[in-house]
Every structure is written in structure tokens, then in C-alpha cells.
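The values are calculated or read from the model by the stated rules, or taken from the named source; none is laboratory data. Not measured: the values here are computed from a predicted model. We place every Cβ from the backbone using ideal geometry, glycine too, and count neighbours over all the protein chains shown.
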Amino acid sequence: MSCIMIINGPNLNLLGKREPEIYGTTTLAEIEQACQEIADKNQVTLEFLQSNHEGVIIDWIHEARDRCDALLINPGAFTHTSVAIRDALSAFNGPKVECHLSNVHAREEFRHHSYISPVVDSIIIGAGWRGYTMGLNYLMDSLADAK
């Protein structure tokens, strides 16, 4: 059975409450439930995590190297600041997706640069909560294609 880790960065625990005009009203728990339903139908183990701390996220990426086949990450604001998360992701050998709820390119200039994008296989931007399910489906297809 394949394992896919989904990592959520800072402030994503506030989804549904924080700036709903940008991030929508869907909560992180609802996104997790939608992803879990897809994973269950496809007999995939899902690890769904969230932290506001950069080092914790790096540790999870390192742990994923030993037990997960693919990784989806919404690094939140760390997208624009963390070389350390980028380096951890580059050491993960399975397929990787970067996901953002909002269209970061239609927002403030500082959000236009991603340290993460060069080290992932796919980027999903601006699809709201559905970006997670799109990314999960992409990863499951990638794992199936690799077999």
C-alpha cells in the first residue's frame, strides 16, 4: 500500500476563519476529510500534518523519506522564505507537489517567488481546497505509472 504525506505550513490551521475572501471557508479538517476519502477509495495510506514551525516541517519531510512514497506540501509563507524546507524536499526522492489555495501570482509581489517550486514535480496554484485533491490524484497517478 502506498503512503502519501500531506504537509501544511503556518497559519493553515486557521483555514475557514482567516481571510476567507482569499483562502475560502473550507477548514483544514474538511480538506483532510476530502483527501482521506480519496485515499481510502484508492487504498492509499495518508498522513495529513500541519505545523507553524519550520523545523517540525523539515523533520516530517526527513521522516517521509523512510515511510512515504509521495509528498504534497502547502508550505504557506515558508514558500517565500525557506531554503531549508527546499533543501529537505530536494532530498525526498518520490514525486512531490506544491499546493497553494490562492493564486499567489495575483497577490503581493513578495508572494511571486517560491523557493519550493524548483524541487517539486508539479505546482497547483489558485484552485482553492480542490488543489489538494488534484495534487493527491496526481501523486497517485504518478505512483501507479512508476510501477
Q: Give the number of residues within the stretch 54-84 that are without any contact (Cβ under 8 Å) to a residue 40 or more places away in the chain and either closer than 12 Å to N8 by Cβ or not charged (D, E, K, R) (or both).
A: 9
Q | Selected residue (criterion: modelled with the lowest pLDDT) from residues of the stretch 90-107 that are surrounded by fewer than 16 Cβ atoms within 10 Å (Cβ to Cβ) and assigned to a helix (DSSP H, G or I) | A | A106
Q.
Can you tell me which residue is surrounded by the most Cβ atoms within 10 Å (Cβ to Cβ) among those in the stretch 52-77 that are over 16 Å from K96 (Cα atoms) and touching a Leu at 6+ places or on another chain (Cβ under 9 Å)?
A. N52
Q. Which condition does I73 not pass, out of (1) part of a loop (DSSP other than H, G, I, E, B); (2) within 19 Å of G135 (Cβ to Cβ); (3) β-branched (V, I, T), if it passes all the others?
A. (1)
Q: Confirm whether I58 is part of a helix (DSSP H, G or I), farther than 19 Å from D121 by Cα and not acidic (D, E).
A: no
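Looking only at the stretch 9-50, which residues are more than 22 Å from D141 (Cβ to Cβ) and buried (at least 19 other Cβ atoms within 10 Å of the Cβ)? First the steps, then the outcome.
Initially, the stretch 9-50 is screened for residues more than 22 Å from D141 (Cβ to Cβ), giving 9-30, 49-50.
Of everything in the stretch 9-50, those that are more than 22 Å from D141 (Cβ to Cβ) and buried (at least 19 other Cβ atoms within 10 Å of the Cβ) turn out to be G9, L12, L15, Y23, Q50.
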Q: Would you mention how many residues in the stretch 108-137 are within 25 Å of A84 (Cβ to Cβ), in a helix (DSSP H, G or I), under 14 Å from the mean Cα position of the chain (by Cα) and not aliphatic (A, V, I, L, M)?
A: 4
